[in-house]
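What follows is a short report on a single structure.
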């Protein structure tokens with residue numbers, strides 16, 4: 001099993017970052033404008049829709065200011081059964097996100113794409129929290145011919 | 001052992017992308033302005049210097065328009081002995097880079113940072129080839145408190 005890993009640091013508090021991971025307003029501002037759900041309750045399924053498909057994420061863990069875990073319950077075949085883990089740590093002026101998308105069965109080409117795309121969405125979170133404006137789909141950074 | 005994976009697609013030919021991986025002018029325009037060497041000969045060691053440190057890469061394989069492989073021979077402890085692999089494929093108008101930085105011994109926090117940073121430098125290659133201007137260090141995208 002192989003994982004996608006990322007780290008970004010945001011000039012902010014972990015509480016502000018936690019908020020954009022656990023509210024509809026936040027999620028819709030950095031990932032996709034077509035987000036249904038808040039992500040604020042364990043067991044809730046949040047739907048994220050993009051031009052090319054969708055992801056249904058079941059909130060598996062919530063620890064305010066510290067940790068958010070989502071289980072992928074529907075979406076692309078390669079994603080189903082994988083887990084998205086957000087760990088938050090305050091380091092001086094920076095809220096650090098340690099991100100992991102774990103449980104990929106094979107390092108397929110789509111995983112390479114998703115790795116770069118996650119990195120770019122993490123920078124969208126950074127922009128959103130630091131400047132008030134993220135780059136949610138459909139205004140996301142296009143990284144390749146799969147978008 | 002764990003790997004960093006990425007995929008970007010550049011509106012270009014694989015030959016143009018191969019060129020920015022195997023010339024001093026290209027490397028210095030997307031990774032770091034302080035680059036010594038061309039990367040155009042198997043066995044050559046190219047030195048890449050950043051504010052925070054350096055990487056010495058020995059060119060291990062060159063297949064024009066298709067593949068470049070670098071072995072890390074000096075630099076941060078976690079990088080020594082790892083390998084950076086660039087595979088290039090033409091898909092219609094896009095030169096696809098399938099990138100792998102393989103052989104990390106542990107998924108340490110620094111690996112999370114390097115994963116995000118590689119993604120951002122791959123987008124610097126895309127910008128360079130598509131627009132003529134990349135974002136090489138020191139003008140690179142700052143992603144966290146480690147830069």
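What follows draws every value from the coordinates through simple rules; no lab data is involved. Computed from a predicted structure; not experimentally measured. All Cβ positions, glycine included, derive from the backbone under ideal geometry; neighbour counts span all protein chains shown.
Using just its DSSP H runs of length 4 or more, each adding -39500 (n - 2.57), chain B gives a mean residue ellipticity at 222 nm of -8000 deg cm²/dmol after division by all residues. The chain B residue nearest the rotation axis shared with chain A, using its Cβ and rounding the distance to whole Å, is B:119, 2. Treating the point 7 Å from Cα along Cα-beta-carbon as the label, what are the nm separations from residue A:106 to the other copies, to one decimal? Ordered by distance, the counterparts are at 3.2 nm. Please give the helix B:109-131 orientation as an angle from the longest Cα principal axis of chain B, in degrees from 0 to 90, rounded to the nearest 10. So the helix axis and the longest Cα principal axis differ by about 20 degrees. Compute the whole-percent fraction of alpha carbon pairs in chain A spaced more than 28 Å apart. Counting pairs separated by more than 28 Å, the tail of P(r) holds 10 percent. Each copy carries residue B:142; placing its label point 7 Å along the C-beta direction from Cα gives inter-copy distances of 3.1 nm, listed from smallest up. On the basis of the beta-carbon distance and an R0 of 41 Å, residue B:74 and residue A:66 show a calculated FRET efficiency of 0.65. The mean count of C-beta atoms from other chains within 10 Å of the C-beta of residues in A:134-145, rounded to a whole number, is 3. May I ask for the Kirkwood hydrodynamic radius of the protein assembly as shown, worked out over all distinct Cα pairs and given in angstroms to one decimal? It works out to 19.5 Å. Taking B:63, B:71, B:34 in turn, the Gaussian network model of chain B (Cα-Cα springs below 10 Å) assigns the largest fluctuation to B:63.
The mean number of Cβ atoms from other chains found within 10 Å of a Cβ in peptide B:114-125 is 5, as a whole number.
With label points defined 7 Å past Cα in the direction of Cβ, position residue B:51 shows copy-to-copy spacings of 3.6 nm, given to one decimal and shortest first.
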